[in-house]
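The values are calculated or read from the model by the stated rules, or taken from the named source; none is laboratory data. Being a predicted model, the structure only gives us computed values, none of them experimental. All Cβ positions, even for glycine, are placed from backbone atoms using ideal geometry, and neighbour counts span all protein chains on display. When the accessible area is computed, the model is the full protein with side chains, heavy atoms only, and any ligands, DNA or RNA have been set aside. Shrake-Rupley method; radii C 1.70, N 1.55, O 1.52, S 1.80 Å.
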Amino acid sequence: MKTLDGNSVVFGLQWGDEGKGKIVDYIAERADIVVRYCGGANAGHTVRIGGDKYSTHLLPVGVFRPGMMNLIGNGVVLEPAKLFEEIDGFIARGVSISPQNLRVSYKTHLVMPYHKLEDGARENSSQGGGIGTTRRGIGPSYADKMQRATAIRVADLVREDKLKQLIAKVVTERNKVLAALYGLPPLDWNAVFEEHREHGRRLKPFVDDVGHLLIAAHAAGKRIVFEGAHAALLDVDHGTYPYVTSSSCSALGLFTGAGVPPRLVSNYIGIMKAYSTRVGGGPFPTEQDNEIGSYIRERGNEYGTTTRRPRRCGWFDAVAVKYSADLCGATEITLTLLDVLGGLKDLRVCTAYKHNGAILDYFRADMDVLAEVEPVYETLPGWEDEISGAKSFNDLPLQARKYVERLEAIIGVKISMVSVGAERSQTLMR
Ligand code: IMP
C-alpha cells in the first residue's frame with residue numbers, strides 16, 4: 001500500500017461488518033498506535049492470526065500485536081464489565097493486556113446497567129419492531145452524554161465519592177422512569193455503585209488523556225491508525241436515520257471521537273464488501289430476500305459478531321457507497337469478501353435509483369425516500385472459480401477483475417486492496 005506514509009483511518013462504507021478488523025490489523029503492521037473513536041460493545045471486529053480467531057467488541061485490534069499501543073477514545077461508550085470480560089478472555093489465551101499497551105480516555109462515557117435495560121425494554125415495546133438495536137445500551141448512553149446531568153464518565157468512575165453520589169441520584173431517578181414506562185423492577189443503586197467502584201479501581205491505571213497522547217505521539221513521528229467501528233450509513237447524522245447507531249461512526253467522527261485535529265490524518269481508507277448487508281431494521285434498496293441472499297449469507301457467514309443475528313444480504317449498492325466515499329473523503333478503498341460471490345452466474349450492481357418515475361443518481365439518507373426507491377441495476381458476468389487461494393490480483397479470473405474495475409470506476413476512488421479470505425495472507429495489493 002503506497003499511500004501509507006502518515007496516519008490512517010479505516011472506516012466502513014456500508015452498514016457495517018465490512019471486515020474492518022482484518023484491514024486495521026493489516027495496516028497496523030506498519031503503525032505504532034491503534035485508536036477506537038466511536039461506538040461501544042455493539043461493534044464486533046474479527047481478526048484471524050495463524051489458525052486462531054479473535055473477536056473484539058471494545059478493544060482495538062492492535063492488542064494482538066506486541067509493542068502496539070491501543071487507545072479507547074472519548075467518542076466510545078464503555079461498559080466496564082464488558083471491557084474486563086474481553087481483557088480477561090484474551091489474557092487467558094496468552095495475549096498481554098496492561099496499561100503498557102492499553103489506555104482509556106478519562107472523557108469516555110459509560111454504559112450503565114439501566115442503559116441496557118432501557119434499550120431492551122424500548123425495543124420490546126416498540127410498535128413495528130423498533131430499530132433492531134444490539135440491546136447493548138448504546139443509544140441510552142449517548143443520550144445521557146448529550147443530556148449531561150445524568151451522564152457518568154470514566155473520570156467519575158475513578159472518583160469514588162463522586163461516583164457514589166452520581167449513581168445514587170441517577171439510578172433513583174431512572175428507576176422511576178423504567179417503572180413508569182416499562183413496568184421494570186427497581187435497580188439497587190448501592191449494588192450498582194459497589195460493582196462500579198470495583199471497576200473503577202481496576203480501570204484506574206489505564207485512564208489517560210487520549211487526545212494529548214495522540215498529538216504528542218504524532219509530533220514524535222509515531223504512526224497512528226484510527227479504527228472505525230460500524231460504518232458511514234449507520235452514522236447518527238449522515239446514515240439512514242433513525243435506523244442507525246448513536247455515534248458519529250463515519251470517518252468524520254474521528255476528530256471529535258479521538259480528540260485530534262483533521263490535519264493529523266492523511267489516509268482515509270474506506271472498506272466495502274463486494275455485496276451489501278445490513279442487520280436490524282431500515283430500508284435496504286438492493287436487498288435480496290431470496291435464494292441469492294441466502295447464498296451470500298451462507299458463503300459469507302453473514303451472521304452478527306455481536307448478536308449472531310442473520311444479516312440481510314443483497315447486491316452491491318454503488319449509489320450508497322459513492323455517497324459514503326464522498327462524505328468521508330476516501331483516498332483509497334479496500335474491497336473485502338470478493339470470494340463470496342464465486343459461483344453466481346450473473347452479478348448485479350445498483351448504479352442509480354428510480355423514484356416516482358425520476359432517476360436519482362445520488363444517495364438520499366432519508367428513509368422515506370429510500371423505502372420507495374427501485375434500484376437500477378447493471379449486470380456483470382460472474383465467475384465459477386474458487387478465488388480464495390489467489391496470491392495476486394492478476395491470479396483472479398478476468399470476470400472478477402472486471403467486477404473490481406467496474407466498482408472502482410463508478411465510485412471514482414482507487415481500490416488498492418482486495419481481500420479474498422479472512423487470513424492476513426489472503427489480501428491482494430493492486
Ligand atoms: P445499536 O448500535 O445497538 O443502537 O443498534 C442500532 C442499529 O445499528 C441496529 O440496526 C444494529 O443492528 C446496527 N448496528 C450497530 N452496530 C453494528 C455493527 O457493528 N454492524 C452492523 N450493524 C450494527
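On inspection, V61 passes the criterion of being within 18 Å of G421 (Cβ to Cβ) and within 14 Å of the ligand (Cβ to nearest atom).
In the stretch 56-94, the qualifying residues are those that are among the small types (G, A, S) and in contact with a helix residue (DSSP H, G or I) (Cβ under 8 Å, 6 or more places away or on another chain), and the one that is farthest from S425 (Cα to Cα) is A81. Within the stretch 37-53, the set of residues being part of a strand (DSSP E or B) and within 16 Å of the ligand (Cβ to nearest atom) comprises G39, H45, T46, V47. One residue alone among G128, G120, G137 is open to solvent by 40 Å² or more (accessible area, probe 1.4 Å) and either touching a Gly at 6+ places or on another chain (Cβ under 8 Å) or closer than 28 Å to M367 by Cβ (or both), and that residue is G128.
Take the conditions more than 16 Å from the ligand (Cβ to nearest atom), modelled with pLDDT of 95 or more and surrounded by fewer than 23 Cβ atoms within 10 Å (Cβ to Cβ) and apply them to F316. Does it pass? The answer is no for F316.
Scan the stretch 79-87 and give yes if some residue there is open to solvent by 10 Å² or more (accessible area, probe 1.4 Å), under 23 Å from L234 (Cα atoms) and not polar (S, T, N, Q), otherwise no. Scanning the stretch 79-87, I find at least one residue that is open to solvent by 10 Å² or more (accessible area, probe 1.4 Å), under 23 Å from L234 (Cα atoms) and not polar (S, T, N, Q), so the answer is yes. Looking at A168, A180, A191, just one residue is open to solvent by 70 Å² or more (accessible area, probe 1.4 Å), farther than 27 Å from Y241 by Cα, hydrophobic (A, V, I, L, M, F, W, C) and assigned to a helix (DSSP H, G or I), and that residue is A180. Number of residues in the stretch 280-306 that are open to solvent by 50 Å² or more (accessible area, probe 1.4 Å), in contact with a helix residue (DSSP H, G or I) (Cβ under 8 Å, 6 or more places away or on another chain) and more than 16 Å from the ligand (Cβ to nearest atom): the value is 1.
Say whether the condition of being open to solvent by 30 Å² or more (accessible area, probe 1.4 Å) and hydroxyl-bearing (S, T, Y) is met by at least one residue in the stretch 44-57. Walk me through how you get there before you give the answer.
First, pick out the residues of the stretch 44-57 that are open to solvent by 30 Å² or more (accessible area, probe 1.4 Å): 46, 48-53, 55, 57.
After this cut, where a residue has to be hydroxyl-bearing (S, T, Y) as well, the list is 46, 55.
Among the residues of the stretch 44-57, at least one is open to solvent by 30 Å² or more (accessible area, probe 1.4 Å) and hydroxyl-bearing (S, T, Y), which makes the answer yes.
Can we say T256 is of a type in the set (V, I, T), within 26 Å of L407 (Cβ to Cβ) and modelled with pLDDT of 95 or more? Spelling it out, it is not the case that T256 is of a type in the set (V, I, T), within 26 Å of L407 (Cβ to Cβ) and modelled with pLDDT of 95 or more. Checked against the criterion of being small (G, A, S) and touching a strand residue (DSSP E or B) at 6+ places or on another chain (Cβ under 8 Å), the stretch 220-227 contains not a single residue that satisfies it. Of a type outside the set (G, A, S), surrounded by 24 or more Cβ atoms within 10 Å (Cβ to Cβ) and either more than 16 Å from the ligand (Cβ to nearest atom) or within 12 Å of F64 (Cα to Cα) (or both): is that true of V34 in this structure? Here the answer is yes, as V34 does meet what is asked. Counting residues in the stretch 140-161 that are in contact (Cβ under 8 Å) with a residue 12 or more places away in the chain, under 20 Å from A229 (Cβ atoms), touching a helix residue (DSSP H, G or I) at 6+ places or on another chain (Cβ under 6 Å) and surrounded by 14 or more Cβ atoms within 10 Å (Cβ to Cβ) gives one or more. The strands (runs of 3 or more DSSP E) falling completely within the stretch 218-279 that include 1 or more residues that are away from the ligand (no atom under 11 Å from the Cβ) and open to solvent by 10 Å² or more (accessible area, probe 1.4 Å) map to 265-273.
Residues being among the aromatic types (F, W, Y) and within 18 Å of the chain's Cα centre (by Cα): count how many of those fall in the stretch 285-316.
Residues of the stretch 285-316 among the aromatic types (F, W, Y): 295, 303, 315-316.
Now narrow it down to the ones that are within 18 Å of the chain's Cα centre (by Cα): 303.
So the answer is 1.
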